[in-house]
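Novice: Sending over a structure as structure tokens; questions will come in a sec.
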Amino acid sequence: MAAYIHIVNNKMTVKEQIVEAARERFLHYGYGKTTMAEVASDCCMSPGNLYRYFPGKLDIAEEIARRDSSVLERRLRALVNQPSCSALVKLKNFLVELLEFTYGRVENDPRLAEMFWQIIRERPKMAQEVLAMEQGLMAQILSAGNASGELAVEDVAHTSAMISAATQRFRYPQIRNPAPLEQLKQELCGVFELLAFGMVTPATREACRIAS
């Protein structure tokens, strides 16, 4: 593999160059077959210099995953803050976005699945941080639904955690239970309908019944 071409981009910090070089190598050869020495070579530096920035390969992988998580968080916040949208619509869009984003990450870059699995197994704290972010944003949706009279959720934090638990199948589904995206969407919508029925106020439930 040729020396990493992005190294010529002076606007990137050394750490950013390392992360991007590692991502390119993970995508090309896979996480397991990549060594720190190879990443260092791609960045035109010695292995010893590379270790000054990252103690090990998993630390680079975690940084890649954190950057992906930041992208996801921005997209989810945009849905939470969407104006003129009911709480249930926001929540459904939120869960679908989670499915599409994580599915796409593995589908478009299948060699990254190995890296994500390693992080889930060996860095559970990071996975828990991402879940906490997702649940916090869902809690905002539920709180707004309570305030508008659409929902009747007594404990938004607990309910958000339960929604997260009930929909874990739809996070990086190729790693857990492979299925076509459209099938996963149908399943997710079915799960959502069951969850929504238990959260809405009697008035909202009656309005939905009459509308159907």
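Novice: How many residues are among the acidic types (Asp, Glu) and over 18 Å from LEU72 (Cα atoms) if we restrict to the stretch 107-165?
Specialist: So the answer is 5.
Novice: If you take the residues of the stretch 56-70 that are of a type in the set (Gly, Ala, Ser) and part of a helix (DSSP H, G or I), which of them is surrounded by the most Cβ atoms within 10 Å (Cβ to Cβ)?
Specialist: Among those residues, the one meeting the criterion is ALA61.
Novice: Only residues in the stretch 182-210 that are assigned by TED's automatic domain parsing to the domain that holds MET162 and surrounded by 13 or more Cβ atoms within 10 Å (Cβ to Cβ) count as the first member; pair them with residues that are modelled with pLDDT of 70 or more and among the aromatic types (Phe, Trp, Tyr), Cβ under 8 angstrom, at least 6 apart or cross-chain, and list the lot.
Specialist: LEU184/TYR103; LEU184/PHE170; GLU187/PHE170; LEU188/PHE170; ARG205/PHE197
Novice: Got at least one residue in the stretch 93-101 being within 30 Å of GLU150 (Cβ to Cβ) and among the charged types (D, E, K, R)?
Specialist: Within the stretch 93-101, one or more residues are within 30 Å of GLU150 (Cβ to Cβ) and among the charged types (D, E, K, R).
Novice: State which residue is surrounded by the fewest Cβ atoms within 10 Å (Cβ to Cβ) when the search covers only the stretch 34-52 and only residues that are farther than 15 Å from THR13 by Cα and of a type in the set (A, V, I, L, M).
Specialist: ALA37
Novice: Within the set of pairs 6 or more residues apart or between chains, which connect a residue that is in contact (Cβ under 8 Å) with a residue 60 or more places away in the chain inside the stretch 105-127 to a residue that is loosely packed, with under 15 Cβ neighbours inside 10 Å and not in a helix (DSSP H, G or I) with Cβ atoms less than 7 Å apart?
Specialist: Taking only residues 6 or more apart or on different chains, the pairs are GLU114/GLY32.
Novice: A follow-up question, please. Can you tell me which residues in the stretch 49-92 are under 29 Å from GLN186 (Cα atoms) and either in contact with a Cys (Cβ under 8 Å, 6 or more places away or on another chain) or not assigned by TED's automatic domain parsing to the domain that holds GLU150 (or both)?
Specialist: LYS92
Novice: For residues that are without any contact (Cβ under 8 Å) to a residue 40 or more places away in the chain and small (Gly, Ala, Ser), scanning just the stretch 71-91, find the one that is surrounded by the most Cβ atoms within 10 Å (Cβ to Cβ).
Specialist: Among those residues, the one meeting the criterion is ALA78.
The values are calculated or read from the model by the stated rules, or taken from the named source; none is laboratory data. All values derive from a computational prediction rather than experimental measurement. Heads up, the Cβs are rebuilt from the backbone with ideal geometry, glycines too, and the neighbour counts pull from every protein chain shown.
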